[in-house]
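Here's the structure we're looking at; comments come further down.
The values are calculated or read from the model by the stated rules, or taken from the named source; none is laboratory data. Just so it is clear, the model here is predicted, and its values are computed rather than measured. Don't worry about glycine lacking a Cβ; one is built from the backbone with ideal geometry, like all the others, and counts go over all protein chains shown. Quick note on the areas: whole protein, heavy atoms, side chains included, nothing else; ligands and nucleic acids left out. Shrake-Rupley method; radii C 1.70, N 1.55, O 1.52, S 1.80 Å.
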Amino acid sequence: MTEELFSVEAYARTCEATVTAVTDDGVVLDRTVFYARSGGQPGDTGTLRWEGGEGRVADTLKRGGMLLHVVADRAPAAGTAVVADIDWDRRHTLMRTHTALHALSAIVFRDYGAKVTGGNMEPGAARMDFELESITPEFGREVEEKLNAELSADRPVKVTFLAREVALADPDLIRTKVNLIPEAVDPIRVIEIEGLDKQADGGTHVRSTGEVGAVRVAKTENKGKAFKRMRIELVDA
């Protein structure tokens with residue numbers, strides 16, 4: 001098992017580690033700051049450095065229970081001591097984008113009663129799908145105004161770990177379908193935007209909504225009955 005440092009400290013940019021395995025799919029470390037893609041958040045990119053060598057990490061993913069650093073060129077051998085460095089600017093932009101999506105989903109549920117059905121993101125841009133009956137550009141502008149008001153309120157963003165039975169009893173987490181998380185996951189990692197949102201989530205986030213900055217609703221789309229899509233962008237991305 002790889003110790004996932006990003007899970008408790010999203011601002012960690014580098015760490016020392018040891019290569020525990022090398023497969024056809026990637027390099028496994030005993031500990032890492034690299035986030036493996038899941039839940040719509042892309043995997044981290046960056047560099048592994050070791051005595052006499054360096055390898056570019058083009059992606060990070062999970063496969064067969066292993067967290068894999070996909071090295072695009074030369075890979076270190078098993079047993080090698082390495083320094084793992086993430087592409088921080090890209091990661092931080094993803095953190096801002098991810099927190100903006102949580103705030104967006106909270107607003108649409110709070111004010112319009114619509115749940116999220118899907119989503120995806122890249123650095124500075126994202127989409128989210130909702131169980132809405134209709135969507136218009138005017139609706140998008142209204143949501144954009146509410147979203148920026150909540151982000152500028154500079155609400156703290158907290159990471160906590162709850163025992164599974166506690167998480168399943170929380171009505172806010174039931175709303176976000178915490179019961180779909182595999183039974184083996186215990187405790188459950190929870191991201192809370194103070195006074196606005198609480199979700200079971202494995203991704204990385206900024207420390208406060210003020211750090212996200214301004215967001216624009218770039219597009220609203222009708223994808224079918226009760227399937228409406230909203231695309232957002234960070235203004236300064």
Quiz prompt | Over the range 78-126: Rg over Rh, Cα atoms, Kirkwood Rh | solution = 1.25
Exercise. Report, by chain and number, residues whose modeled amide H sits under 5 Å from the one on T20, excluding near sequence neighbours (fewer than 5 apart, same chain).
Key: V28, L29, D30, G79
Quiz prompt | the chain, Cα convex hull volume normalised per residue, Å³ | solution = 125 Å³
Exercise. Convert each backbone phi in the range 181-193 into a coupling constant with the Karplus relation 6.51 cos²θ - 1.76 cosθ + 1.60 (shift: θ = phi - 60°), then list the ³J(HN,Hα) values in order as whole Hz, x for Gly and Pro.
Key: 5, x, 4, 5, 7, 6, x, 9, 7, 10, 9, 10, 9
Quiz item: Per q in 0.12, 0.17, 0.26, 0.28 1/Å, what log10 I(q)/I(0) does a Debye calculation on the alpha-carbon atoms of the range 94-167 return?
Solution: -0.38, -0.75, -1.36, -1.41
Quiz item: According to a simple spin-label model (label point 7 Å from Cα along Cα-to-Cβ), what is the distance in nm between A77 and D111?
Solution: 6.0 nm
Quiz item: Kirkwood hydrodynamic radius of the range 1-93 from all distinct Cα pairs, in Å?
Solution: 12.8 Å
Quiz prompt | Relative contact order [Cα under 8 Å, 6+ residues apart], the chain, whole percent | solution = 19 percent
Self-check item: At R0 = 45 Å, FRET efficiency that the Cβ-Cβ distance of D172 and D89 yields, to 0.05
Solution: 0.90
Practice problem: Would you mind checking which residues have amide H under 5 Å from K219's amide H? H placed 1.01 Å from N; only 5 or more apart, or other chain. | Solution: R231
Quiz prompt | Crossing angle, helix 137-152 versus the chain [Cα axis fit, 0-90 degrees, rounded to tens] | solution = 60 degrees
Quiz item: Relative to the Cα centre, what is the charge dipole magnitude of the chain, using +1 at the beta carbon of each Lys and Arg, -1 at the beta carbon of each Asp and Glu, and rounding to the nearest 20 debye?
Solution: 540 debye
Quiz item: Where does each of F161, F34 land when they are ordered by accessible area, with a 1.4 Å probe and the largest first?
Solution: F161, F34
Practice problem: With all protein chains present, calculate the accessible area of E3 using a 1.4 Å probe and round the result to the nearest 10 Å². | Solution: 100 Å²
Quiz item: Out of residues 5 or more away from Q41 or on other chains, whose amide H comes under 5 Å of its own, with H placed 1.01 Å from N in the peptide plane?
Solution: none
